[in-house]
Amino acid sequence: MYELEPNNYERVRPLYADWWPYLVIFAVIDGTCPGRIYVDDPRVPRAALLWDHVEGELYLARSAEGRSREMVADEPLARALNDCIRHRIRPYAEAHLPDLSEYTLYCDPAAWEGELDVVLDGLNPMAHHRKLYLLERAQVDWRARVPAGFTMVPVDESLFAQRDLAGMDTMRDWVLGDWRTAADVARQEAGFCLVHGDALASWCVSEYTCEPVPGAGRMAHLGIYTREGYRRQGLATLVAAATVERCLASGIEQIGWHCWEANVASAATAEKVGFELARDAVVYNGCWNPFDNLLLQAHYHAQADRMPQAVACWERAFAMWEAEDPEALSAPHCQAHPGTVAWCYYAAGRARAGWGQTAVALAHLQQAVDNGWSDVGRLREDEDLASLHGTPGWDALLSRLRDANAD
């Protein structure tokens with residue numbers, strides 16, 4: 001795979017013609033969003049891998065001519081893509097883009113049948129569903145619904161200049177990142193924020209506004225955020241509706257909204273504003289670091305109440321941790337959140353206790369304590385651990401925790 005120079009990014013636009021609702025692709029091609037593009041042939045690309053540096057998403061595409069008529073798998077291409085992802089993209093992300101510790105790969109699985117397993121070899125992602133909603137007309141009258149004490153204000157340079165608003169640092173990081181300025185957003189995008197006293201409560205900003213392919217018309221996506229303490233009050237619906245209204249008035253013809261299948265609240269907000277489901281795509285998500293990736297997969301399984309799968313992932317991670325595997329000791333998420341390993345041991349112990357596996361459950365809980373777990377009250381009151389009560393191992397664990405807390 002060859003990395004294209006930015007002045008040649010336009011060469012891959014035809015490969016992504018069917019991807020027009022995914023605007024970050026075209027923002028990278030247009031040079032308004034940072035990213036990199038790798039191709040099989042820099043002069044006449046037949047396959048391309050686009051990596052955006054904002055969301056950390058990978059978009060894999062190929063031309064109709066890029067696959068043989070017999071649909072025979074192109075293993076050399078698949079291996080070249082795998083090498084590019086593992087040995088070029090991952091090292092660059094870890095060295096220069098530490099916030100992008102995860103990746104999500106989008107592709108048309110049918111176009112890569114027989115090759116996708118090779119492309120993803122060694123990356124161990126999980127398949128998820130990513131929903132795309134589209135909207136063409138406003139359906140919510142937000143003005144009459146703004147709660148008392150709240151004010152709807154545009155997201156513009158004057159708002160970013162107000163340093164005394166609580167939540168401003170979060171909004172600056174979320175909206176601007178390190179790749180654009182307040183002036184860029186004011187010039188290219190539209191957005192609104194609900195202000196409550198001296199605090200930002202909720203905001204919505206359009207993203208990647210462009211005409212992705214000739215004749216498609218101008219499009220934009222929405223990004224939305226509500227701060228803790230202001231959630232579940234309908235504020236997201238109001239800022240989204242105000243932003244939709246401004247986008248449509250500015251000549252944007254279609255607006256997109258992306259969310260994970262598990263994010264029921266985001267989907268519900270989109271539907272309240274008037275968005276309709278347009279695509280439900282299979283994507284492949286994981287962490288670059290294999291230890292973090294196992295913990296991420298365990299989290300997904302536990303959220304979906306697939307506890308046997310969650311415990312299997314946790315215990316593979318524990319084996320790496322106890323062996324002092326360098327990938328485990330250097331895992332970015334665990335370095336940023338030191339209590340993660342202890343919590344995972346505790347969660348695995350709860351599951352094992354619920355299955356009546358006393359010895360393994362106690363061993364996991366002992367490891368939780370070894371790695372910093374200190375909440376003796378929760379341990380005592382956790383109903384999932386009731387089967388352990390009165391056992392010698394349980395009494396020893398409580399005694400050890402009491403002694404540790406006394407120190």
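Rounded to whole numbers, the Karplus 3J(HN,Hα) couplings from phi for segment 300-311 are 4, 5, 5, 4, 8, 6, 9, 5, x, 5, 4, 5 Hz, using 6.51 cos²θ - 1.76 cosθ + 1.60 with θ = phi - 60°, and x at Gly and Pro.
Against the chain, whose longest principal axis is taken from its Cα atoms, helix 358-370 shows a tilt of about 70°.
Modelled label positions at Ala396 and Ala262, each set 7 Å beyond Cα in the direction of Cβ, lie 3.5 nm from each other. Spatially, segment 164-198 and segment 298-342 are offset by 34 Å when compared through their Cα centroids.
Look at the dipole of the chain built from charges on Cβ: of Phe275, Ala331, Trp394, the Cα furthest out on the positive end belongs to Phe275. The charge dipole of segment 1-79, taken about its Cα centre with unit charges on the Cβ of Lys, Arg, Asp and Glu (plus for the first two, minus for the last two), comes to roughly 180 debye.
Tell me whether segment 2-124 comes out rounded, prolate or oblate; compute the Cα gyration tensor, take square roots of the eigenvalues as a ≥ b ≥ c, and use a/c under 1.5 as the rounded threshold.
Oblate.
Taking Cα atoms only, the orientation of helix 392-406 departs from the longest principal axis of the chain by about 70 degrees. The dipole here belongs to the chain: it is taken about the Cα centre, uses +1 on the Cβ of Lys and Arg and -1 on the Cβ of Asp and Glu, and is about 780 debye. Between Asp121 and Ala144, the simple label model (points 7 Å from Cα in the Cβ direction) yields a spacing of 6.3 nm. Extending 7 Å from Cα along the Cβ direction at Asn405 and again at Gln303 yields two label points whose distance is 3.1 nm.
GNM on the chain, alpha-carbon springs under 10 angstrom: the most fluctuating residue among Pro34, Pro290, Pro338 is Pro338.
Coupling constants for segment 185-199 follow from the phi torsions by the Karplus curve (6.51 cos²θ - 1.76 cosθ + 1.60, θ = phi - 60°), and in residue order they are 5, 4, 7, 9, 10, 10, x, 9, 9, 9, 9, 10, x, 10, 9 Hz; glycine and proline get x.
Bear in mind these aren't lab numbers, they're just calculated from the coordinates by the rules spelled out. Because the structure is a prediction, the values reported are computed rather than measured. Neighbour counts run over all protein chains shown; Cβ positions are idealised from the backbone, glycine included.
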